[in-house]
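Undergrad: Before I ask anything, let me first share the structure, which is written out below as C-alpha cells.
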Number of protein chains: 4
Amino acid sequence: MKNTAILLISCPDQKGLVATIANFLYQHNANILHADQHQDSELNLFLMRVEWDLDGFQLDIEEFDRHFAAIAEKFQMTWRLALSNHRPKMAIFVSRYDHCLADLLYRHQSGELKCDIPLILSNHTDTQWLAEAYRIPFQHIPVERDGKEEAEKDQLAVLRHHHIDLIVLARYMQVLSADFIKHYPNRVINIHHSFLPAFHGAKPYHRAFERGVKLIGATSHYVTEILDDGPIIEQDVNRISHRDELDDLIQKGRDLEKMVLSRAVRWHIESRILLYANKTVIFD
Amino acid sequence: MKNTAILLISCPDQKGLVATIANFLYQHNANILHADQHQDSELNLFLMRVEWDLDGFQLDIEEFDRHFAAIAEKFQMTWRLALSNHRPKMAIFVSRYDHCLADLLYRHQSGELKCDIPLILSNHTDTQWLAEAYRIPFQHIPVERDGKEEAEKDQLAVLRHHHIDLIVLARYMQVLSADFIKHYPNRVINIHHSFLPAFHGAKPYHRAFERGVKLIGATSHYVTEILDDGPIIEQDVNRISHRDELDDLIQKGRDLEKMVLSRAVRWHIESRILLYANKTVIFD
Amino acid sequence: MKNTAILLISCPDQKGLVATIANFLYQHNANILHADQHQDSELNLFLMRVEWDLDGFQLDIEEFDRHFAAIAEKFQMTWRLALSNHRPKMAIFVSRYDHCLADLLYRHQSGELKCDIPLILSNHTDTQWLAEAYRIPFQHIPVERDGKEEAEKDQLAVLRHHHIDLIVLARYMQVLSADFIKHYPNRVINIHHSFLPAFHGAKPYHRAFERGVKLIGATSHYVTEILDDGPIIEQDVNRISHRDELDDLIQKGRDLEKMVLSRAVRWHIESRILLYANKTVIFD
Amino acid sequence: MKNTAILLISCPDQKGLVATIANFLYQHNANILHADQHQDSELNLFLMRVEWDLDGFQLDIEEFDRHFAAIAEKFQMTWRLALSNHRPKMAIFVSRYDHCLADLLYRHQSGELKCDIPLILSNHTDTQWLAEAYRIPFQHIPVERDGKEEAEKDQLAVLRHHHIDLIVLARYMQVLSADFIKHYPNRVINIHHSFLPAFHGAKPYHRAFERGVKLIGATSHYVTEILDDGPIIEQDVNRISHRDELDDLIQKGRDLEKMVLSRAVRWHIESRILLYANKTVIFD
C-alpha cells in the first residue's frame, strides 16, 4: 500500500485551473497516481480529485494547508485533503436485520474497508453475536417510545467519546432527528431498500410488490433532514418476476442492499465522493 | 412456424385444476408445446398459459368455446383463446421522436413482431418518411389546443375502420382521455421514460438528472385512466454517471425505451401477458 | 414453512404426460403449490418439477415410490422425490480465500440455505476462525505435494462419516481426482472465477486483465472429470474499465463469486436443478 | 454543438506531464471542457484525452502540430489531434443479416453518429432496400469461392475512391485477409456474437447453446490479423434460460450486437478510444 495524499476540490470553473494545480504539485515533486476532473457546464463548476504518492513529495504534508492557501483563495475553492494512511473511524448503527452488518464486518476484516470500527451501536441485542465474532465493541442503547431524544443524547456521547468520523446506518430502523444529523453533516450514510425516489418512506418492498414492478432496487445516500432525500451515492437493481413472492423480494433485496451500501462506504472512506447540488460525483 | 393455440386462464385456485385442463387437452389429442402456471397464494388465484400444436388436435378450434364452456364455468375461469396464425392489427401512435417507431417498424419488417400494422397515426408529419420507407400507411391527425376531443373522435374512427386490436404509444406526447381508453381496455401500451413509479408525469429525464440518480429507467405499461399508473409490463435500467449530462441521459434513455417497449409489444402479440390486480404475469 | 414434496421428472416427451401426473396427484388430494415444465424439442425431452403441500396429501409419502412406479415405468421416467423437511448435509471445502465461505456461512446461519453443515474441510487452517465464529466443525486435512491420493482417502472417510450429500468447493484450490468425483456424481459444486468457457483453467483474472475484456464473470457448475467442463448452474458478470487494475478485478470478482456460488447452492438444496445433456434446467 | 479539439496522448509516465500539457493549453487560452487521464502502473504508461473549445483558442489549429512538437518529442509522446467538426468517412460492410446495418443507419440519420457514410458495401443485395430508405450509396461486390483476393482488390479501390477513414463490419460474413487489414490498421471495427474470448470463430450461438451457458454476449473489437483476437472495445451480455431455444438466443443476441457495435462506432468517431498493449482505454 502506497502512502498517498488525496486532494478534493470544487470551485467555479475558469481557465488555468488544471495548470495551476498541476504546477503546484509538480513544483513539490509530486508523483501523480490518479487525477480525475469534471466540469458541470450548467452550474459552471469545476470538480477534481487528484491523488499522489507522498514518497518523494517535497512538502511537509502537515503544512500543505499553508502552502496551498493562496491558490485556494484565488480560485474560491472548497477543498479538503485526505491521507491514505489515516483510517477514519466508523460507527455502525443497526437494529435487528443483520445482513448489512455482517457484510460490512467481513469486508472490514478482509481489508477491503480501510477504516477502524470502534463501535457497533444498536437499539437491540440481536446482532451482538456478530460483533463478538468479529471482535468489535458493541453498545446497546435502547430507544423507548418517546425516548428518542434521550437515546440520541446517549448515542452522541458515545460517538464523541470514540471520535467517530462516519456513521453507517446498516438497516437501522429509527429515523434520526434533524438535530442529530446536524452533528454529522454529510457523514451519515444510509441504505434505503428501494430505487429512490420510488417508494421512499416505509415498507418499500411491500409497495414494490403491490405496484407490480419488474425490478427491485436499493439506494445508498447521505442522510439529510428530509427523509430519503439526501444525495444519492449508489443504486442498483435486480430483476424479479411474478414467481417472486414478497419474501423473495425481501431476500433478493438483501443482496442488493449489501452491495449498494458497501460500495458507498468504500467510496466515502477512499475519499472518492464529491458533493454538490444535492448530488454526488464518484471519482472511481 | 407451427400452427398453435394458446389458452390463457385465471380463476380461483383449487385442487384438480391442472388435471382437468390437461385431461381435456389430452382427450382431444393435443400435443402440448409449452405450459406455464402460477399460483398467487395471497389472492388464491390460479393463472395458466398453455400452448399446443393444432396439427393433430382433434377438435375444431372454431368450436373450442362450446366444448370448454363447462370446465370454464365449473372453475369460474376468466379465459381467452389465441391462435398463432391470427396476426393482430396494431396501430402505432407517434409524435416527433421517432426512435421507438423506427425500432418497431424494423422488428416488424424482420418478422420479430408477428402482427399487421395497417396504420401509423401522428399529430405531426415528422415521421412520415419512416412510414414510407417501411411502406406502412401514415395518417396525420393534428391535435389543436382545445381540439383533443375532436382529434380523438377522428382517431377512433380510423382505428375502427382498420379493425385495430392493439394501440402502441411510441412516445406519443398527448395524454389520451379516459373516454378514449375505454374503447381499448388493456389494449393500449405506452412507454414511459422512467423507472415507474419514480418520475411519473412530465419530463422524467430532467427530474432524474436533478435528483442525481445513478440509473435511468424505462417502463412499458398498459394505459389506464390514471396517468402512468397502469399495469407494468416491462422495465429496465441503464447506469449513468456524473459524466452524463442531460443530453446523454436522453440519448441513453432512447435505447432503453426501444428495448422495453418492443418487449412489451412482442409479449402482448404472443399472448404471453396475463393481467390481474393491476399487475402483469409474463409467461416467457 | 410448509411441509412439501417435490417431484423432479425427465423422460421422452409424449402426449398425456401432464394429464397422467396431474391426475395421479389429484387422486391423492395433492394441493399443488408450484409446477413448472419444459420441453426440449430438439432432444424430444420432457422435464418437470412439481411441488405440493403434504398437508392433506392422502398418500403415505414413504410409499410414494411404490404407487408412482407404474407411471414412471410406462413413461420411462428418470425421477426423484425430495422432501422440504429433509435438510441435506453439505460439506464446504476451502483453502485460503475465505469470501465464499463467509458468505455461505452467513446465509446458512440466517436461514437462507436450508441445509446442515456438519463439516468445513480445508487444506489450510486460515479459515478456522470463521468456522468457530459460526460454530461449524472444522477439519484440517493438509494436501502434501504427491500426497493428494492420501488426502482424498482421508477426505472421503470424513465425508462418509458425516453422511454428506453435497460438497461445495468454496474456492478450494486443489483439483479433485476423477476417482474422488465418482463418489459424488453431480453432487460437487464448484465456483470458477471467469465466465466459462472463457478463461477455463488457472489464473482467469490475470488472463482477463491481459486480454482486456470489459466484463469479468463467475460460473458455478457441477464438477465432472474434465476440468471446468461440468454443467453450468449459474453465471454472472460485472463491468470493469481501464481504471481497474488486476487487484480491482480480483476484488470485484469476489462479490460475483459469492453471489453466483450461493445461488447455485441454494437451487441445489431446494431441488430446483434438473440435469441433462451436460446442461442444467433451473426451475425458479 | 461546440467546435472543439481533442488531443489523445500516450507516453512513458513521468512527473510534470500534466503540468506541461495544461500549461501549454492555458498559454493559448484554451477552455478545457473534458480532461481524462490514466496511468498504467505496470507498463509505466501515461494516457490522456483532453478536449477544449476552439472558440477563444489563440493558436491556429492548423499549426498545432508545429507548436506542440517540442513537448511531444521531449516526453516521447504518441499523439493525435482530432477536430469535432471533422466528420470521419465510414464504410459499412454487410452480408445478409441487416439488424446492425439498420441500427447504424438509424443512429446516423438521427444525428447520434457524427460521421459521413458514403458507402455500404455488400457481397449480397439483400440489404439494398435499407440503403435506399436511408439514401446511402450501396455497392454490391460479390465474393466468389476462390475469388476473395479479386473482391478485396475491388473493395480497396472503392474505399480509396471514397477516402474512407473507418470500416465497420456489421455482421459481414467474410473473413478479411491480413493483407486487406494492413491498409486500415486499427480502423476496422467488427462485431462478434459472443463474449470473447469464449466462442471465438464460427457459430458462437450454436456453441453457447450446446455448452449451456446462462448468459449470451457480444463483443466489438478492432480487427487484426488473428481472427477475433483484436483489442476489445465493448462487450455486453444478456441473460438466457432453458426456455430459450437456439432461435431465441439468436434473436436476443441481435439486440446485444446492435448495442455493442453502435457504442464502439460512436466512441471511435468521437475519438474516445486509446489503444495500447492490444487493449483499449475508453475515455467516456
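Undergrad: Taking accessible area as the heavy-atom solvent-accessible surface of the protein chains with a 1.4 Å probe, which residues of region B:197-217 lose no less than 10 Å² upon going from the isolated chain to the full protein assembly?
TA: By number: B:Pro197, B:Ala198, B:Phe199, B:Phe209, B:Glu210, B:Arg211, B:Gly212, B:Val213, B:Lys214, B:Leu215.
Undergrad: Filter the DSSP H helices in chain C by two things, a Kyte-Doolittle mean of at least -1.0 and an axial alpha-carbon span of 18 angstrom or more, and list the hits by number.
TA: C:246-269
Undergrad: Here's a follow-up. Report the antiparallel proportion of the DSSP beta bridges in the protein assembly as shown as a percent, rounded to a multiple of 5. Please report the intermediate quantities before stating the final value.
TA: On the way: 158 of 218 bridges.
DSSP beta bridges in the protein assembly as shown are roughly 70 percent antiparallel.
Undergrad: Continuing with this model, one more query. Find every distance from the label point of A:Lys114 to the corresponding label point in the other copies (7 Å from Cα along Cα→Cβ) and write them in nm, one decimal, shortest first.
TA: In nanometres, ordered from closest: 3.8, 4.4, 5.8.
Undergrad: Per residue, how much accessible surface does region D:187-276 expose to a 1.4 Å probe? Answer in Å², no decimals. Numbers along the way, then the final one.
TA: Details: 2830 Å² over 90 residues.
Result: 31 Å² of accessible area for each residue.
Undergrad: I've got another one for you. Over all distinct Cα pairs, what is the inverse of the mean 1/r for the protein assembly as shown, reported as the Kirkwood hydrodynamic radius in Å? Before the final figure, lay out the partial values.
TA: On the way: mean 1/r = 0.0307 Å⁻¹.
After inverting the mean inverse Cα-Cα distance, the result is 32.5 Å.
Undergrad: List the residues, sorted by chain then number, that are 5 or more residues from C:Tyr276 or on another chain and whose placed amide H is less than 5 Å from its amide H.
TA: C:Val281
Undergrad: Other chains' Cβ within 10 Å of B:98-108 residues: what's the mean?
TA: Details: counts 3, 4, 0, 0, 7, 5, 0, 2, 8, 5, 0.
Going residue by residue through B:98-108 and averaging, the value is 3.
Undergrad: For region B:4-83, with every protein chain kept in place, what is the accessible area per residue (1.4 Å probe, Å²)? Write down the numbers at each step before the final one.
TA: Working: 3530 Å² over 80 residues.
Using a 1.4 Å probe on heavy atoms only, each residue of region B:4-83 averages 44 Å².
Undergrad: If you put +1 on each Lys and Arg Cβ and -1 on each Asp and Glu Cβ, how big is the dipole of chain C around its Cα centre, in Debye rounded to 20?
TA: Details: 32 positive and 40 negative charges, 67 e Å.
Using Cβ point charges on Lys, Arg, Asp and Glu, chain C gives about 320 debye.
Undergrad: Quick query: amide H of A:His34 versus all other amide H atoms, modeled in the peptide plane; which residues come in under 5 Å with a sequence gap of 5 or more or a different chain?
TA: A:Glu51
Undergrad: DSSP loop trypsin sites (Lys or Arg not before Pro) in region C:175-284 with at most 16 other Cβ atoms within 10 Å of their Cβ, which ones?
TA: Details: sites: C:Lys182, C:Arg187, C:Arg207, C:Arg211, C:Lys214, C:Arg239, C:Arg243, C:Lys252, C:Arg254, C:Lys258, C:Arg263, C:Arg266, C:Arg272, C:Lys279; in loops: C:Arg187, C:Lys214, C:Arg243, C:Arg272.
In loop regions of region C:175-284 (DSSP not H, G, I, E or B), the sparsely surrounded trypsin sites (Lys or Arg not before Pro) are C:Arg243.
Undergrad: Would you look at the GNM of chain C, springs on alpha carbons closer than 10 Å, and say which of C:Ser95, C:Ser262, C:Ser110 moves the most?
TA: The residue with the greatest mean-square fluctuation here is C:Ser110.
Undergrad: Next up: Quick one: work out the % antiparallel among DSSP beta bridges in chain C, nearest 5.
TA: 70 percent
Undergrad: On a full-extension model of 0.36 nm per residue, what is the gain between A:Ala157 and A:Ser177, subtracting their alpha-carbon distance, rounded to one decimal in nm? Let's see the in-between values first.
TA: Numbers: separation 20, 0.36 × 20 = 7.20 nm, distance 1.53 nm.
Here the answer is 5.7 nm.
Undergrad: Separation between the B:Leu246 and A:Ala70 pseudo-spin-labels, each 7 Å from Cα along Cα→Cβ, expressed in nm?
TA: 4.1 nm
Undergrad: Please identify every one of the GluC sites (Glu not before Pro) in region B:117-157 that sits in a loop by DSSP and has no more than 14 other beta carbons within 10 Å of its own beta carbon. Write out the running numbers ahead of the final one.
TA: Details: sites: B:Glu132, B:Glu144, B:Glu149, B:Glu150, B:Glu152; in loops: B:Glu144.
Passing sites in region B:117-157 are B:Glu144.
Undergrad: Hey, another quick one. Taking 24 Å as the cut-off for C-alpha to C-alpha distance, list the pairs among A:Lys153/A:Lys182; A:Lys203/B:Lys182; C:Lys258/D:Lys214; A:Lys89/C:Lys214 that go past it.
TA: Working: A:Lys153/A:Lys182 13 Å; A:Lys203/B:Lys182 33 Å; C:Lys258/D:Lys214 17 Å; A:Lys89/C:Lys214 35 Å.
A:Lys203/B:Lys182; A:Lys89/C:Lys214, as the Cα separations exceed 24 Å there.
Undergrad: Run the accessible area of region A:4-83 with a 1.4 Å probe and give the carbon-and-sulfur part as a rounded percent. Provide the component values of the computation, followed by the final result.
TA: Details: 1560 of 3530 Å².
Its accessible area is 44 percent carbon and sulfur atoms.
Undergrad: Before rounding to the nearest 500, sum -39500 (n - 2.57) across all DSSP H runs of length at least 4 in chain D and divide by the residue total; then give [θ] at 222 nm in deg cm²/dmol.
TA: On the way: 8 runs with 90 residues, N = 284.
Value at 222 nm, helices only, nearest 500: -9500 deg cm²/dmol.
Undergrad: Right, something else. Taking a virtual spin label 7 Å from the Cα of D:Ile226 along the C-beta vector, which residues in region D:252-284 bring their backbone nitrogen under 19 Å of it?
TA: D:275-281
Undergrad: Look at the axis of the rotation that sends chain A onto chain C, then give the chain A residue with the nearest Cβ and the distance in whole Å.
TA: Axis-proximal residue of A, distance in whole Å: A:Ala133, 2.
Undergrad: Across peptide D:126-136, how many C-beta atoms of other chains are within 10 Å of each residue C-beta, on average?
TA: Numbers: counts 0, 0, 0, 4, 3, 0, 1, 6, 2, 2, 0.
Across D:126-136, the average partner-chain Cβ count within 10 Å equals 2.
Undergrad: Looking at region C:82-153, which trypsin sites (Lys or Arg not before Pro) are DSSP coil and have at most 13 other C-beta atoms within 10 Å of their C-beta? Mind dumping the intermediate values first?
TA: Details: sites: C:Lys89, C:Arg96, C:Arg107, C:Lys114, C:Arg135, C:Arg145, C:Lys148, C:Lys153; in loops: C:Arg96, C:Lys114, C:Arg135, C:Arg145.
Answer in residue order: C:Arg96, C:Arg135, C:Arg145.
Undergrad: Now, a different point. State, to one decimal in nm and shortest first, how far the label point of D:Glu42 sits from each corresponding label point in the other identical copies (label point: 7 angstrom along Cα-to-Cβ).
TA: Values, ascending and in nm: 3.6, 3.9, 4.9.
Undergrad: Next question, about the same structure. First check a/c for region D:89-282, with a ≥ b ≥ c the square roots of the eigenvalues of its C-alpha gyration tensor; if it is under 1.5, answer rounded, and if not, answer prolate when a/b is larger than b/c or oblate otherwise.
TA: Working: a/c = 1.42, a/b = 1.37, b/c = 1.04.
Taking the square roots of the gyration eigenvalues as a ≥ b ≥ c, region D:89-282 is rounded.
Undergrad: Within the accessible area of region A:192-260, what % is carbon and sulfur when the probe is 1.4 Å and the other protein chains stay in place?
TA: Working: 1230 of 2270 Å².
Its accessible area is 54 percent carbon and sulfur atoms.
Undergrad: Given a cut-off of under 8 Å on Cα pairs at least six residues apart, what relative contact order in percent is computed for region B:89-282? Walk me through the numbers before you get to the answer.
TA: On the way: 344 pairs, mean separation 38.6, N = 194.
For region B:89-282, the relative contact order is 20 percent.
Undergrad: So what's the gap between the Cα centers of region C:12-80 and region A:208-263, to the nearest angstrom?
TA: 38 Å
Undergrad: What does the structure give for D:239-251 when I average, per residue, the other chain Cβ atoms found within 10 Å of the residue Cβ? Each step should come with its number before you reach the end.
TA: Working: counts 4, 0, 5, 10, 8, 1, 4, 1, 0, 1, 0, 0, 5.
Other-chain Cβ atoms within 10 Å of each residue's Cβ, averaged: 3.
Undergrad: Report the accessible surface area buried between chains D and A, summing both sides, using a 1.4 Å probe on protein heavy atoms only, in Å² rounded to the nearest 100. Present the calculation step by step, with values, prior to reporting the outcome.
TA: Values: alone 15110 and 15100 Å², together 28600 Å².
Buried surface at the D/A interface: approximately 1600 Å².
Undergrad: Put a label point 7 Å from Cα along the Cβ direction on B:Arg160, then list its distances to the equivalent points in the other copies in nm, shortest first.
TA: 6.7, 7.7, 8.3
Undergrad: State, to one decimal in nm², a quarter of the convex hull surface area for the C-alpha atoms of region C:4-83, i.e. the direction-averaged projected area. Don't skip to the end; give the middle numbers.
TA: Working: hull surface 18.8 nm².
One quarter of the hull surface, i.e. the mean projection, equals 4.7 nm².
Undergrad: Net charge near A:Lys203: determine it from the other residues with C-beta under 15 Å of the C-beta of A:Lys203, scoring Lys and Arg +1 and Asp and Glu -1.
TA: Numbers: positive: A:Arg171, A:Arg207, A:Arg211; negative: A:Glu210, A:Asp228, A:Asp247, A:Glu257.
The answer is -1.
Undergrad: Roughly how big is region D:4-83's charge dipole about its Cα centre, with Cβ charges of +1 (Lys, Arg) and -1 (Asp, Glu), in debye to the nearest 20?
TA: Working: 5 positive and 12 negative charges, 46 e Å.
Computed about the Cα centre, the dipole is about 220 debye.
Undergrad: Could you check the simple spin-label distance between A:Asp284 and D:Lys2, using points 7 Å along Cα→Cβ, in nm with one decimal?
TA: The modelled label-to-label distance comes out at 2.5 nm.
The values are calculated or read from the model by the stated rules, or taken from the named source; none is laboratory data. Please read these numbers as outputs of a predicted model, since none were measured by experiment. Positions of Cβ are backbone-derived with ideal geometry, glycine not excepted, and every protein chain shown enters the neighbour counts. SASA here: full protein model, heavy atoms, side chains in, ligands and nucleic acids out. Shrake-Rupley method; radii C 1.70, N 1.55, O 1.52, S 1.80 Å.
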